[in-house]
Amino acid sequence: MRFGYVAGETCLDFVNTVGWRRSPTRWAERLGSYADLLDWAEGAGLLSSDRRRRLERLAEAEAEAATTVLVEARGLREAVARAAEAAAAGRLPAVADLEVINQVLRRGQAHLLLATTGAEVVWSWRPATPSLDEPLWPVARSAAELLTSDRRRRIGVCEDDECGWLYLDASRNRRRRWCSMEDCGSRNKARRYYRRRRGAGGA
């Protein structure tokens, strides 16, 4: 799975753009290019296909700036990861990590406004002209809203030894253990079954 939108929160899905976060040998960067960042943002519903095309054209014209934004995106991701993991452990995030989030948040807030969609009023990001870093703005806002709410107490870490993906545990009794039952949950269930079989002398 290249990108998994299973966390239940935009900023945590962004953290999960690293595969096998806890593994020193399988760790996998999935934001290898600015185009990957746009792929993730479009898949997360943060960019329309038209907006994505406009940003692609801008990135082609300003390749060095696009690379700078990619580096910033990875830095934001790791700051959010550390802050979320601290919250999950009942600790305060580091001031340095909050400042990384704040830097993106300050830029994005100038472009945040109310809009209507269907019968609802929603927040919308509408910069006057395309900005290469606009996919990061809703990530920073999502992190800010999560870390300042009681929902931070529901941040969980996948119990797979190598995964390390984060999620928001919306289960009634807070019993979620895996990033996804179809992925880590199923694999670990199969492992336990195999170990039981071997312990019982099965073939």
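Quick notes on this one:
- Cut-off under 5 Å, modelled amide H: who pairs with residue 155 long-range: 169
- Only helices enter this figure: runs of n ≥ 4 DSSP H residues, each worth -39500 (n - 2.57), summed and divided by the residues of the chain, yield -15000 deg cm²/dmol at 222 nm to the nearest 500.
- Absence of a disulfide-compatible partner, taken as no other cysteine beta carbon within less than 4.7 angstrom, is noted in the chain for 11, 184.
- Rounded to the nearest 20, the Cβ-based charge dipole of the stretch 10-199 about its Cα centre (Lys and Arg +1, Asp and Glu -1) stands at 1460 debye.
- Pairwise Cα separations in the chain fall into 10 Å bins from 0 onward with the following percentages, short to long: 8, 31, 33, 18, 6, 3, 0.
- Other-chain or far-sequence residues with amide H under 5 Å of residue 176's (modelled H): 171
- Computed from phi, the 3J(HN,Hα) profile of the stretch 6-21 under the Karplus parametrisation 6.51, -1.76, 1.60 (θ = phi - 60°) reads 10, 7, x, 7, 4, 5, 6, 4, 5, 4, 7, 7, 10, x, 6, 4 Hz, with x in place of Gly and Pro.
- Taking trypsin sites (Lys or Arg not before Pro) across the stretch 75-116, the ones in a DSSP loop with at most 13 further Cβ atoms lying within 10 angstrom of their Cβ are 91.
- FRET efficiency for the residue 109 to residue 60 pair, using the beta carbon distance and R₀ = 41 Å, is estimated at 0.90.
Since every read-out is calculated from the coordinates, none of them should be taken as a lab result. This one's a predicted model, so the numbers in the text were calculated from it and none came from an experiment. A quick note on method: Cβ atoms are made from the backbone with ideal geometry, for glycine too, and the neighbour counts reach across all protein chains shown.
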